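Heads up, the thing below is written out as structure tokens.
Read the figures in this text as sums done on the coordinates, not as results from a lab. Keep in mind it's a predicted model, so treat the numbers as computed, not measured. With ideal geometry, Cβ positions are generated from the backbone for all residues, glycine too; neighbour counts draw on all protein chains shown.
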Amino acid sequence: MSPHRWMMTAVGQPLVKEPLVLGPLAAGTVRVEVAGCGVCHTDLGYYYDGVRTNQPLPLALGHEVSGRVVAAGAGAEGWVGKAVLVPAVMPCGECEACRKGKPTICPAQKMPGNDIHGGFATHIDVPARGLCPVDEARLAKVGLQLADVSVVADAVTTPYQAVTQAGVGPGQLVIVNGVGGVGGYCVQIAAALGATVVAIDVDPVKLEMVAGHGAAKTFNVRQVEPKNLKKEIGAFAKAGGLPSREWVIFECSGTAAGQLTAWGLLVHGATLGVVGFTMDKVEVRLSNLMAFHARALGNWGCPPELYPPALDMVLDGKVKLAPFVERHPLERINAVFEGVHARKLTRRAVLVP
Ligand SMILES: [Zn+2]
Ligand SMILES: [Zn+2]
């Protein structure tokens, strides 16, 4: 297969396959032969909604990449031959934000498929710094292929960072709103850390899937009145001896309706993690944060140092991937984008070159 990548040329226009010229590599960078690249709603935001990429079009999208290092520039030779995850956001490691331990706000960060060409390609060139090695023996033991763990690069690490940042632990009540790609893993991670998890969605199929993977209780917001939802969760908490306050709520739907639902669940001392993204606006009474002494946390990407523990959860079998991903040939990228956009897929699509 000759090297190639799929380019986005304009909003909504079919992605175009173009040959890829594999040039020499700069010092500190590696070339990864892509095993798989997950399709994220962020990609669809660029493609359908006109969210602007940092690097102007044409650009290859895709930021959930796993693969094998096949070449390296000076200083990165030790990576050649290794199976790796490419972090969705790669901080520079040298600026003031990075030195202060805040790599997610690094102004020089590189995101594949946004700042540099992404993983909907046979190969991707990336900085070696922050790459996460994948233990292939452990991977085989849990019955996964290298392509499958591409979704760890964003769909798993993003909620892992959100859950870690919110300090989720045993005895807590965690509510996850929107249990698609990212939210489904948020449920599993929070449950693996000992929390009791309530899952909310509009899709009965997704709710059924998380009910078997970490959710202790599910609610379909098409069937429960929004104003009754908080009451019903309160009743569930009471029955299970769980706290009626300090709920940790993760908004993973990335929809205006979902954000309103999550906002409506604030209780005293609550933590709201905003994990999903939408261009839409919502009208809320921001003072509820003040009155409840609650807090809202943003969540951009995940620091590279949290990738190994996040991947460990998968390799230890605490977070199950297999039921939540499906592989498709990269050649079918245009059809797969359409399918994901039309919400015809219930699992996360991984494109395999
Ligand atoms: Zn993403
Ligand atoms: Zn930096």
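Structure data summary
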quantity: Ordering of 279-290, 192-203, 228-239 by packing [mean C-beta count within 10 Å, highest first]; calculated: 192-203, 228-239, 279-290
quantity: Theoretical ellipticity at 222 nm over the chain - DSSP helices of four or more residues, -39500 (n - 2.57) apiece, nearest 500; calculated: -7000 deg cm²/dmol
quantity: Sites residue 16 and residue 322, calculated FRET efficiency, Cβ-Cβ separation with R0 45 Å, nearest 0.05; calculated: 0.90
quantity: Full-stretch length increase - residue 51, residue 77 - with 0.36 nm per residue and alpha-carbon distance subtracted; calculated: 5.7 nm
quantity: Per-peptide average of other Cβ atoms within 10 Å, ordering 250-256, 117-123, 172-178 highest first; calculated: 172-178, 117-123, 250-256
quantity: Sorted peptide list for 51-62, 146-157, criterion being average Cβ within 10 angstrom, highest first; calculated: 146-157, 51-62
